[in-house]
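*Asks:* Have a look at this one before I ask anything.
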Amino acid sequence: MADTLHILTAEVLDHQEIAPEHFVMTLDAPEIAEAVRPGQFVMVRSLGAWDPLLPRAFSVYHADPEGGCIEILYREVGRGTRRLRLHEPGMSVHVWGPLGNVFSLPEGDRIVLVGGGVGIPPLAFWAEHLAALAPPMELVALIGAATKEFLVGLPHFRRARALLRTSTDDGTAGHQGYVTELLPEFLEHSRPTIYACGPMPMLAAVARIAEARNVPAELALEAPMACGVGACLGCTVPRREGGYARVCTDGPVFQARDIQW
């Protein structure tokens, strides 16, 4: 869990629809922008209404410490995100974070990012961070979605100079099929490390591929969260060694081998 938790009323600076049902919200949150690291998340709740009562968890998509702002990317899928969608610049939300742990630096010289659906934000933030390191590392980004219009975040990976490959379920862009079907060819050479975020079935497939090839993999898990601080136990996942882990405080980043898939 993050060392310092900041609880803020944050002004919405910008709010754009970047694809059908997909939005990027920019928040004035200087304390969080300074402290957050790739892999971490924030809890966001609308002000002035009690329905829905509980906040929503969002991985940080981008942070600008100098500008004092953070970005979250979300898809409008339920009551919480429908209400969030109504916020225009100048309005405010309740936000607290940063929460959770972070991605760790790879030991190898090839980094393979695997993202699906709205699992793109922490990987885009991580790619941005890795691209700034010296010497630069070889980056591969494998990004999947149901259809071409739902492929989001691609400019972030291009700016990070990643080799970008896409897949769609319906074949409207890139490979037709699961994004995990692209993964094996990028694990054959060099010393790769995998980082992934997306739906649980996708992450389970990544874990199986990584284990079969003895490749280290860190997975940023997504789970329903009511508090973000480990109190409600609503985001638990089974550990391979027994017992359960809380995605919010033990994660959201886990070694693939540590989760019972």
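Laboratory data are not the source of any read-out in this text; all were calculated from the coordinates shown. Just so it is clear, the structure is predicted and the values come from calculations on it, not from any experiment. Note that each Cβ is placed from the backbone with ideal geometry, even for glycine, and that neighbours are counted across all protein chains shown.
*Asks:* Mind checking the angle between helix 120-131 and the chain's longest principal axis? C-alpha axes, 0 to 90 degrees, to the nearest 10.
*Replies:* Taking the Cα atoms of the chain, the angle to 120-131 is about 70 degrees.
*Asks:* Can you pull the three principal axis extents for the Cα set of region 14-152, in Å, largest first?
*Replies:* 49, 36, 22
*Asks:* Just need the relative contact order of the chain here, percent rounded to a whole number, with Cα pairs under 8 Å and 6+ apart.
*Replies:* Over the chain, the number comes to 18 percent.
*Asks:* To the nearest 10 degrees, how steeply does helix 200-212 sit against the main Cα axis of the chain, on a 0 to 90 scale?
*Replies:* Long axis of 200-212 versus the principal axis of the chain: about 30 degrees.
*Asks:* Below 8 Å between Cα atoms, with a sequence gap of 6+, how large is the relative contact order for region 14-126 in percent?
*Replies:* 34 percent
*Asks:* Let me ask another. Convert each backbone phi in region 182-198 into a coupling constant with the Karplus relation 6.51 cos²θ - 1.76 cosθ + 1.60 (shift: θ = phi - 60°), then list the ³J(HN,Hα) values in order as whole Hz, x for Gly and Pro.
*Replies:* Result, rounded to whole Hz: 7, 5, x, 5, 8, 10, 7, 10, 6, 10, x, 10, 9, 10, 9, 8, x.
*Asks:* Here's something else I'd like to know. Quick one: net charge of ALA173's neighbours, Cβ under 13 Å, K/R +1, D/E -1?
*Replies:* Local net charge: -1.
*Asks:* Just grab the label-to-label distance for ARG239 and LEU133, each label 7 Å out from Cα along the Cβ direction, in nm (one decimal).
*Replies:* 2.7 nm
*Asks:* For region 106-261, what is the relative contact order in percent, using Cα pairs closer than 8 Å and at least 6 residues apart in sequence?
*Replies:* About 21 percent, as a whole number.
*Asks:* Ok, one more. On each of the three principal axes of the Cα atoms of the chain, give max minus min coordinate, whole Å, ordered largest first.
*Replies:* Extents along the principal axes, in whole Å: 53, 41, 38.
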